[in-house]
1. Restricting to the stretch A:60-114, count the residues that are within 11 Å of another protein chain (Cβ to nearest Cβ), in a loop (DSSP other than H, G, I, E, B) and in contact (Cβ under 8 Å) with a residue 12 or more places away in the chain.
2. Would you confirm, using the coordinates I've provided, whether residue A:2 is open to solvent by 80 Å² or more (accessible area, probe 1.4 Å) and more than 14 Å from residue A:87 (Cα to Cα)?
3. What are the residues in the stretch A:30-88 that are of a type in the set (D, E, K, R), open to solvent by 50 Å² or more (accessible area, probe 1.4 Å) and farther than 29 Å from residue B:89 by Cβ, if any?
4. Being within 17 Å of residue A:107 (Cα to Cα), polar (S, T, N, Q) and outside any strand (DSSP E or B) is the filter here, so list the residues in the stretch A:7-39 that pass it.
5. Evaluate the stretch B:43-58: report whether one residue or more is aliphatic (A, V, I, L, M) and more than 12 Å from chain A (Cβ to nearest Cβ).
6. Would you check which residues across the stretch B:70-112 are closer than 23 Å to residue B:57 by Cβ, in a loop (DSSP other than H, G, I, E, B) and either more than 8 Å from chain A (Cβ to nearest Cβ) or touching a Cys at 6+ places or on another chain (Cβ under 6 Å) (or both) and list them?
Amino acid sequence: DTAVSQTPKYLVTQMGNDKSIKCEQNLGHDTMYWYKQDSKKFLKIMFSYNNKELIINETVPNRFSPKSPDKAHLNLHINSLELGDSAVYFCASSQGDRGKTGYTFGSGTRLTVV
Amino acid sequence: TQLLEQSPQFLSIQEGENLTVYCNSSSVFSSLQWYRQEPGEGPVLLVTVVTGGEVKKLKRLTFQFGDARKDSSLHITAAQPGDTGLYLCAGAPRQAGTALIFGKGTTLSVSS
């Protein structure tokens with residue numbers, strides 16, 4: 001029943017490792033997003049895909065690479081993890097005019113780099 | 001760069017009190033949205049306001065969009081412990097192909 005599901009919920013890893021976070025939505029939405037929420041709860045856009053096409057790519061280190069195999073999935077791969085990457089990463093989706101319909105968020109992935 | 005300033009950052013009140021949270025910007029947005037986030041969960045959409053001057057009510061919550069579509073407010077009447085959470089405003093830029101811009105949030109704590 002979950003509309004936007006992310007896995008894993010928690011991820012603890014060492015500096016220098018490579019990790020992936022997966023996101024799937026069953027709402028039939030055409031646009032998906034990755035946001036990063038820092039320790040002060042600020043949500044910042046990282047990437048957005050519309051029907052598998054990258055439409056937003058904010059100033060994010062090249063170590064972050066999104067992949068959208070189809071419009072229901074958006075994964076995030078992170079290479080050479082750094083301490084500063086520790087945060088909660090949220091996947092979200094929307095349909096049509098996001099200004100009117102809003103986003104549906106997943107429950108987040110808490111990434112801790114040690 | 002469009003920014004949304006949200007205030008206050010923290011609010012701690014007693015059950016039954018009223019409160020208002022503000023969201024301000026120097027930019028015009030096509031719409032303003034309010035979300036509520038609980039610990040360990042993602043933000044959940046409460047309301048969208050689209051027209052300048054629009055007022056929407058959701059039980060004890062009243063949302064208003066400024067006439068110039070640059071600011072919004074959330075007013076809660078007779079707050080209850082169940083209202084505790086992080087409230088986020090988000091603006092939709094007029095430019096197509098852009099994502100929602102979020103304010104930094106207001107952490108509300110209502111004690112009984």
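1. So the answer is 4.
2. Numbers: open to solvent by 80 Å² or more (accessible area, probe 1.4 Å): yes; more than 14 Å from residue A:87 (Cα to Cα): yes.
So residue A:2 fits the description; yes.
3. Going residue by residue through the stretch A:30-88, those that are of a type in the set (D, E, K, R) are A:30, A:36, A:38, A:40-41, A:44, A:52-53, A:58, A:63, A:67, A:70-71, A:82, A:85.
In the following step, the residues that additionally are open to solvent by 50 Å² or more (accessible area, probe 1.4 Å) were identified as A:36, A:38, A:40-41, A:44, A:52-53, A:58, A:67, A:70-71, A:82.
Of everything in the stretch A:30-88, those that are of a type in the set (D, E, K, R), open to solvent by 50 Å² or more (accessible area, probe 1.4 Å) and farther than 29 Å from residue B:89 by Cβ turn out to be A:52, A:67, A:70, A:82.
4. Correct list: A:26, A:39.
5. The first filter runs over the stretch B:43-58 and keeps only residues aliphatic (A, V, I, L, M), leaving B:44-47, B:49-50, B:55, B:58.
Subsequent filtering for residues that are more than 12 Å from chain A (Cβ to nearest Cβ) retains B:55, B:58.
Yes, the stretch B:43-58 contains at least one residue that is aliphatic (A, V, I, L, M) and more than 12 Å from chain A (Cβ to nearest Cβ).
6. B:70, B:77, B:78, B:79, B:80, B:84, B:103
Residues are listed down the side, and each one gets a yes or a no for (1) within 17 Å of residue A:90 (Cα to Cα); (2) surrounded by fewer than 20 Cβ atoms within 10 Å (Cβ to Cβ); (3) within 15 Å of the chain's Cα centre (by Cα):
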{"residue": "B:15", "(1), (2), (3)": "no, yes, no"}
{"residue": "B:43", "(1), (2), (3)": "yes, no, yes"}
{"residue": "B:61", "(1), (2), (3)": "no, yes, yes"}
{"residue": "B:77", "(1), (2), (3)": "no, yes, yes"}
{"residue": "B:87", "(1), (2), (3)": "yes, no, yes"}
{"residue": "B:99", "(1), (2), (3)": "yes, no, no"}
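The values are calculated or read from the model by the stated rules, or taken from the named source; none is laboratory data. Note that the coordinates shown come from a computational prediction; the quantities given were computed from them, not determined experimentally. Quick reminder, even Gly has a Cβ in these numbers, built from the backbone with ideal geometry, and neighbours come from all protein chains shown. Ligands, DNA and RNA are excluded from the accessible area calculation, which covers all protein heavy atoms including side chains. Shrake-Rupley method; radii C 1.70, N 1.55, O 1.52, S 1.80 Å.
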